[in-house]
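Each value in this text was obtained by applying a stated rule to the coordinates, not by laboratory testing. These numbers were taken from a predicted model, which means no experiment stands behind them. Note that we place each Cβ from the backbone using ideal geometry, even for glycine, and neighbour counts take in every protein chain shown.
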Amino acid sequence: MLLEGKNMIGVIAKIPVAKEKAAEFEAAANDLIAKVRANEPGCLLYELFKSQSEEGVYIFMEKYENAAAIAAHGKTEYFLAAQPLMGSFVTGAPDIQLYDAV
């Protein structure tokens with residue numbers, strides 16, 4: 001069901017990854033993506049993209065029904081467990097931006 005309304009929130013998380021760790025990062029990210037899709041009905045989009053112009057730069061594009069869905073996502077066991085592993089592949093702090101649907 002496609003939801004309409006202004007409660008929806010978009011998230012763009014830009015993550016710099018060490019080029020020699022890209023395959024490991026992608027594998028860990030794809031495992032997380034599968035778990036999010038299987039368990040979070042409030043998460044309407046959860047995709048990973050790799051930059052065509054900046055080597056080692058990835059973005060997660062996310063779309064949530066509301067702030068409660070984002071909060072629930074951040075508290076899941078699999079999300080919390082993935083953070084140390086995925087963090088070991090990054091070269092700097094992620095740039096996370098939240099957007100309100102219009």
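Observations, loosely collected:
- Checked against (1) more than 17 Å from E40 (Cβ to Cβ); (2) surrounded by fewer than 17 Cβ atoms within 10 Å (Cβ to Cβ), Q83 meets all criteria but (1).
Here is a yes/no grid of residues against (1) of a type in the set (G, A, S); (2) touching a Leu at 6+ places or on another chain (Cβ under 8 Å):
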{"residue": "V11", "(1), (2)": "no, yes"}
{"residue": "K19", "(1), (2)": "no, no"}
{"residue": "A22", "(1), (2)": "yes, no"}
{"residue": "E55", "(1), (2)": "no, no"}
{"residue": "K63", "(1), (2)": "no, yes"}
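- Here E54 meets each of (1) without any contact (Cβ under 8 Å) to a residue 12 or more places away in the chain; (2) under 11 Å from the mean Cα position of the chain (by Cα) with one exception, condition (2).
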